[in-house]
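Here is the structure we will look at.
The values are calculated or read from the model by the stated rules, or taken from the named source; none is laboratory data. Keep in mind that what you see is a predicted model, and the values were worked out from it rather than measured. Note: ideal-geometry Cβ built from the backbone for every residue, glycine included; neighbour counts use all protein chains shown. Areas reflect the complete protein model, heavy atoms only, side chains present, ligands, DNA and RNA absent. Shrake-Rupley method; radii C 1.70, N 1.55, O 1.52, S 1.80 Å.
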Amino acid sequence: MVKTYSYADSQDVAEALARYIIQIQNKTLNHSDKFKIAISGGSLGKVLQKGLIQSPELAKQVKWHQWEVYFSDERLVKLDHPDSNYGLFNQLVLQALPSSAPRPNVVTIKEALVNETGSTDEEIAKDYEQRLPRDGLEVVGLDLVLLGCGPDGHTCSLFPGHDLLKENEKLIVYIADSPKPPPRRITFTFPYLKKSKNIAFVAEGAGKAPVLKQIFGEEKSGLPCELVNELGVPVSWFVNDAAIDDVDVIASKF
Ligand SMILES: O=C1O[C@H](COP(=O)(O)O)[C@@H](O)[C@H](O)[C@H]1O
């Protein structure tokens, strides 16, 4: 269920990820009128910009008007704040679309609840969970979830050793003590990630080599990224060669 792809440079990674996204988009739109996808923050934004906006042959295949975009995690700041994952996606992708291009439907956190006296981060998480796609009363998984891999092995805002890794019921939860600033966030949980039809990770650069060695090594790392690999969801990893520094340990898996 875990496929791994490595490419020499970042442009190759970006184009390979874009081709994969378009493949899942087209397969989904054969039986649905909406392509439901989750975006992460961090380094993923630039990869999407390179593959889905700046690569003309691929850009013309993206059916943005049928996209329904969610966020696998979000920082609890205003949407135009430099720390906002929506803000990054808006800046790198949405604002780069031709003005005539139809826009996707983007499901952001309810900005009015952020820093409003009387509302709590738990309410923001519950509100976002209420807006996840449903089939009747049941919340359904997304067609594709795009995840990053932090140098500590975190993904979404699920951090190593955090109690949130034990959440087995809620689909969206809040964290008030993220070890990576800013501290206040909401995040997909493993129960929600497990509902996904497809998951893809992107990890690039020498800085990710040590954690990839742990995630794909012989020993169980218990890191959030490795726990996602074990959910039983089809997972694809897109990395560049700089992120694979130990041929013995993981290159055989790429
Ligand atoms: O804080 C976060 O970090 C992760 C990983 O970011 P990366 O730059 O190392 O790829 C990101 O996926 C997540 O959305 C973000 O909130």
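Name the single residue that is nearest to the ligand (Cβ to nearest atom) among those in the stretch 121-162 being touching a residue at least 24 places away in the same chain (Cβ under 8 Å) and of a type in the set (Asp, Glu).
My answer is Asp152.
Output yes when any residue across the stretch 62-85 is farther than 16 Å from Val202 by Cβ, aliphatic (A, V, I, L, M) and touching a residue at least 60 places away in the same chain (Cβ under 8 Å), and no when none is.
Taking every residue of the stretch 62-85 in turn, at least one turns out to be farther than 16 Å from Val202 by Cβ, aliphatic (A, V, I, L, M) and touching a residue at least 60 places away in the same chain (Cβ under 8 Å).
Check the stretch 214-224 and report whether any residue there is out of contact with any Lys or Arg (no Cβ under 7 Å at 6 or more places or on another chain), open to solvent by 60 Å² or more (accessible area, probe 1.4 Å) and free of Cβ contacts under 8 Å to residues at least 24 places away in the same chain.
yes
Can you name every residue in the stretch 166-184 that is in contact (Cβ under 8 Å) with a residue 24 or more places away in the chain and more than 15 Å from the ligand (Cβ to nearest atom)?
Glu167, Lys170, Leu171
When the residues of the stretch 195-207 are filtered to those that are more than 9 Å from the ligand (Cβ to nearest atom) and either under 18 Å from Ala125 (Cβ atoms) or aliphatic (A, V, I, L, M) (or both), which remaining residue is surrounded by the fewest Cβ atoms within 10 Å (Cβ to Cβ)?
Selected residue: Ala206.
Filter the stretch 64-79 for residues that are surrounded by fewer than 20 Cβ atoms within 10 Å (Cβ to Cβ) and of a type in the set (Asp, Glu) and give the result.
Scanning the stretch 64-79 gives a single hit, Glu68.
Count, please, the residues in the stretch 84-120 that happen to be more than 15 Å from the ligand (Cβ to nearest atom), over 13 Å from Val69 (Cβ atoms) and not in a loop (DSSP other than H, G, I, E, B).
Within the stretch 84-120, residues that are more than 15 Å from the ligand (Cβ to nearest atom), over 13 Å from Val69 (Cβ atoms) and not in a loop (DSSP other than H, G, I, E, B) number 5.
In the stretch 27-47, what residues are in contact (Cβ under 8 Å) with a residue 60 or more places away in the chain and within 16 Å of the ligand (Cβ to nearest atom)?
Across the stretch 27-47, the qualifying residues are Ile37, Ala38, Ile39, Ser40, Gly41, Gly42, Ser43, Leu44, Val47.
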